[in-house]
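Some notes on the structure that comes next.
The values are calculated or read from the model by the stated rules, or taken from the named source; none is laboratory data. Treat the numbers as computed from the prediction; the structure is a model and nothing was measured. In this analysis, Cβ positions are derived from the backbone assuming ideal geometry, glycine residues included, and neighbour counts consider all displayed protein chains. What goes into the accessible areas is simple: the full protein's heavy atoms, side chains included, and nothing from ligands, DNA or RNA. Shrake-Rupley method; radii C 1.70, N 1.55, O 1.52, S 1.80 Å.
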Amino acid sequence: MRSRSESPAATTLRWARRAALLALALPTVSCAAVDPMDGEQPDGLAEAVGVDAQALTFPIDPRKSLVVTDTDIVSAFTLKDVLQKLVDQADVPGLTPLQVFRQMFDTYRKAGEGLALGPHCDDVVLSNPPPPTQGIFTESFDGSINGFPVICSRAVGQEATTDPFAGPPGESLYMATTLVNRFDLADPLGSDCGEHRIVFARRGGHAQTNGGMRNFIIFESRLPNPTPSLGREGCRDVVEFWHGLSDPAKSVGERTAELLDFYFEGLPGFSPVIHIDRFSAGGGQIRVNDFLRPPPFAQDDWALREFKLSYDCSAGPCQLLVVPQHVDDNPSALLFDPASTDPRAASFQSWFVDSAVEALASSGDINRFDYPTLVPASFAAGEALLITEQNNYRNAVGSGPSAFRTAIQQKLTAVGSPLSPDQLLARAQSISCSGCHLVKSQGSGANSDVGLSSPIPDNTFLFTHTSEETEAIPGEPGRTRFKISNLLAEEFIPFREQVMSDFLVGNPVLGFERSGLWTSTQAPLSLVTGWVTEGIRSLRIGTPNAWSQIKGAPFSTAGMTPVGSKLSLDFFTSAIQPNPSWVGTLVVLISVPSAGIHNQFVGSAGLTPLPRNAFSPVTFTLAAPTVAALNASPSDVSITLELNVNVGSGPYFVDNLRFTN
C-alpha cells in the first residue's frame, strides 16, 4: 500500500508505501513504524510547539486537495513536458523526450530485440530459474532483476517503437489522469514532505472496451523538506498549498496555474516535484503499471516495475538512463516458501518474524498496515506479479506445518496479538503491489481476512483505483473528471484527509507527533505509526517498572480557546497482562506555572475495565479555575501522565490528548 524510498536523514524510514494503492500507483501508507526517542532532546522545540491549533477557514475538498482528476486541470499536464523537464535538467546534448521514453520501455526487451539504448531484461540471466510448471510461477523467465526472475521479454516493450506524444485520436498517446498529494507518506522525522505524483494513462486503453491496450506511467516524487530540523512543520507551506486548492473562491484556471507551478517550478524554498534528483536514488521513483497486450503478442500477466533515473557524467559525455530496479517494500513470494532453496530465504524469514510481524499486527486500520522499516533491498522482487498466482504469500507459506508458520504464531502470541498467521500474511499481502491492486483475491476470499472487524470491501474497479473513464463533476454542469474506485473514495482518501487536517489544526505535543516532546526516566518511550488514532504517530510506553512518570513539553493554548472543561486522551491497553484481574491505573496532572498551577491532580482512571488490544477514550474533568487559566492563552501549559501497572505487561500506547467540551 505504499511506496517509499529511504530518506537521507533516516535510512530506516522509507518510502511509503508502502506500493499502497498502486492501482495506478496511489499508495496509502508509508512511514517507518517505529521512531525510538529514548534520550533524544527536543529539536526546534519553540517552532514545533508554538504552532497554534486553529479551525480551517474552509474545509478540505478531497477531489481538489488530495486526488485531482478534473479533466480541465490534468489536461494541462503532458508526458512530453515532464520528460522535457528532466531532459533540460540533465543537459545531455541531443537527448529528446522521445528517446527517454523509448529507452525506458526498451528495458522490457532482450538485447537482441532492442534498440541498444541502455539496459535490457536479459542482461542478467538466472542460472537456475523457476521451472514454468513448478512452484508458484507458471511462466518461463529469461531475465532477472535483483536476483529474482522477471518475464523477459514483455509485450509492453513494443512501446519502444511508438510515439507517446501523438495527438488524438492516436492510441499511443499518454494522457494525465491524476495528480496525487501523498503528504500522509511524509517522513515522521521531517526529512521529506511526502510523495507528489502524476499518473499518465495510455489513451488507447480502457478497462471495459480495450483492456489489452492499457498501460500507466506514474511519476512519484518525494519532496525534500528544506528545513528538516523543524520536523514535519518544515512542510507546512506544502500542506497549506494543497489545502489552498480547496478554496471555493479559486477558479479552475487559478488552480491549474498553481499546480503547474508547484510541479514544474516549485514553491518558494522548495524543489519542484518534477526534478531529476527526485527520481534518482532515494528521491522517489517511476513506476509502470503494465496491462499492455498489443497484437499479435500473447497475454502476459499484469506486472508492475519500478525505475530510477541514472545520471552519469563520469565517463565522457553525460548520460541519462531510465533503469529498472527492484520494487521497494515488495518482498519476493519465493522467500516465503519454507522449502525455498534461495540462499536469502532463511534470512528473510528470520527478518520477517523478528521485525515485521509485530509491526504488521500493530494496527486496527488498513491504511496503517506497514513494515517497521524499508524492507531490505536484497529481499525485494524484480517485478510485482499477480497475487492469484505468482505473488501469493499465503500460498507460498502453505497451509501445512512449518518452522516459519510456527515462528510467526509464536511471535504473535508473544506480542499479545489475536491475529492468526494467515491473517498476518494477508496483511503483508495487502501492502504488496498486487495486493493493493487486487484487494480481494479472485477465488480466494481468505486473502481479504486481515483481522479487522469488517472485511475489506470489494473494489468496483477490480484491479485499479483510477480509470480512463470520465464522469460529470457534481454541481458543475458540462465539466468532467476521471473516475476513482470506491475503495479510494471511501477507505483511503478519508484517511489522508484526516492526516492532512490533523497536521493543519493539531498540536505536536498533544498529538505525539514530534520526537523529544515527551520524556521519562522510568519508562522507555518511542513514537510509532501503527497503533494511532490521530495524525501519524502515537506514544509507545514500555513498562520495565511498575510506576512510570511521563512528562510532556510546555505548549500554548493560544488558538485553542475556548478550552472546554474536559481533558480526554486515547489509551491502548495491551493484551499482555500477568494479572488480568488488576491491570493498573492512569493518573493525569497539569501545570500552568504562570497561573500558579503546579502538578495539579486532574484525575485517575482504572485500566482493568478497558478492552484489551484496542484504544479506549479516557476523559477527565478539569477544575473551573484551571479552565479559566487555560482560556487566558498561557504558553507554559504542560501535562504529566503517571502509569501504575504490572511489571511485564504492555506495552501501552497514548494518542490524541485534547480539550473537549
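Annotations for the structure displayed:
- Count of the range 390-410 residues which are in contact with an Asp or Glu (Cβ under 7 Å, 6 or more places away or on another chain) and of a type in the set (D, E, K, R): 1
- Residue match in the range 499-506 (condition: within 28 Å of residue 636 (Cα to Cα) and at pLDDT below 90): yes
- Residues that are open to solvent by less than 20 Å² (accessible area, probe 1.4 Å), touching a His at 6+ places or on another chain (Cβ under 9 Å) and not in a loop (DSSP other than H, G, I, E, B), drawn from the range 365-383: 379, 380
- Enumeration of residues in the range 631-661 that are part of a strand (DSSP E or B) and among the small types (Gly, Ala, Ser): 638
- Output for the range 616-646, where each listed residue is out of contact with any helix residue (DSSP H, G or I) (no Cβ under 9 Å at 6 or more places or on another chain) and either of a type in the set (Ser, Thr, Tyr) or over 29 Å from residue 598 (Cα atoms) (or both): 616, 619, 621, 633, 640
- Any hit, the range 396-419, residues being under 23 Å from residue 531 (Cβ atoms), modelled with pLDDT under 95, among the small types (Gly, Ala, Ser) and under 25 Å from the mean Cα position of the chain (by Cα): yes
- Considering the conditions (1) open to solvent by 10 Å² or more (accessible area, probe 1.4 Å); (2) closer than 30 Å to residue 145 by Cα, residue 101 is excluded by exactly one of them, (1).
- Residues (part of a helix (DSSP H, G or I), out of contact with any Ser or Thr (no Cβ under 8 Å at 6 or more places or on another chain) and within 22 Å of residue 227 (Cβ to Cβ)) located in the range 259-279: 261, 262, 263
- Considering only residues in the range 405-435 that are touching a Pro at 6+ places or on another chain (Cβ under 6 Å) and open to solvent by 10 Å² or more (accessible area, probe 1.4 Å), the one that is nearest to residue 149 (Cα to Cα) turns out to be 405.
- Restricting attention to the range 207-231, the residues being open to solvent by less than 40 Å² (accessible area, probe 1.4 Å) and within 27 Å of residue 307 (Cα to Cα) number 14.
- You will find that of 473, 484, 536, the residue that is under 22 Å from residue 655 (Cβ atoms) and not charged (D, E, K, R) is 536 and no other.
- The range 135-204 holds strands (runs of 3 or more DSSP E) entirely within its bounds, and those carrying 1 or more residues that are within 31 Å of the chain's Cα centre (by Cα), among the basic types (Lys, Arg) and modelled with pLDDT under 95 map to 192-202.
- Residue check for residue 510: part of a loop (DSSP other than H, G, I, E, B), touching a strand residue (DSSP E or B) at 6+ places or on another chain (Cβ under 8 Å) and either over 21 Å from residue 372 (Cα atoms) or open to solvent by less than 10 Å² (accessible area, probe 1.4 Å) (or both): yes
- The range 232-243 - residue that is in contact with a strand residue (DSSP E or B) (Cβ under 6 Å, 6 or more places away or on another chain) and more than 21 Å from residue 484 (Cβ to Cβ) and, of those, surrounded by the fewest Cβ atoms within 10 Å (Cβ to Cβ): 238
- Condition check for residue 354: buried (at least 16 other Cβ atoms within 10 Å of the Cβ), closer than 30 Å to residue 573 by Cβ and of a type in the set (Asp, Glu): no
- Breaking point among (1) closer than 30 Å to residue 386 by Cα; (2) within 21 Å of the chain's Cα centre (by Cα), for residue 498: (1)
- Residue ranges of strands (runs of 3 or more DSSP E) in the range 533-621 with at least 3 members open to solvent by 20 Å² or more (accessible area, probe 1.4 Å) and modelled with pLDDT under 95: none
- In the range 634-661, the residue that is modelled with the lowest pLDDT out of those that are more than 25 Å from residue 531 (Cα to Cα) and open to solvent by 50 Å² or more (accessible area, probe 1.4 Å) is 661.
- Yes/no for residue 438 being over 30 Å from residue 235 (Cβ atoms), crowded, with 19+ Cβ neighbours inside 10 Å and modelled with pLDDT under 90: yes
- Residue among 651, 611, 634 that alone is in contact with a Lys or Arg (Cβ under 7 Å, 6 or more places away or on another chain) and not β-branched (Val, Ile, Thr): 651
- Only one entry in 259, 267 is surrounded by 17 or more Cβ atoms within 10 Å (Cβ to Cβ), at pLDDT 95 or above, under 20 Å from residue 72 (Cα atoms) and aliphatic (A, V, I, L, M), namely 259.
- Single condition residue 346 does not satisfy, out of (1) in a loop (DSSP other than H, G, I, E, B); (2) more than 29 Å from residue 535 (Cα to Cα); (3) open to solvent by 10 Å² or more (accessible area, probe 1.4 Å): (1)
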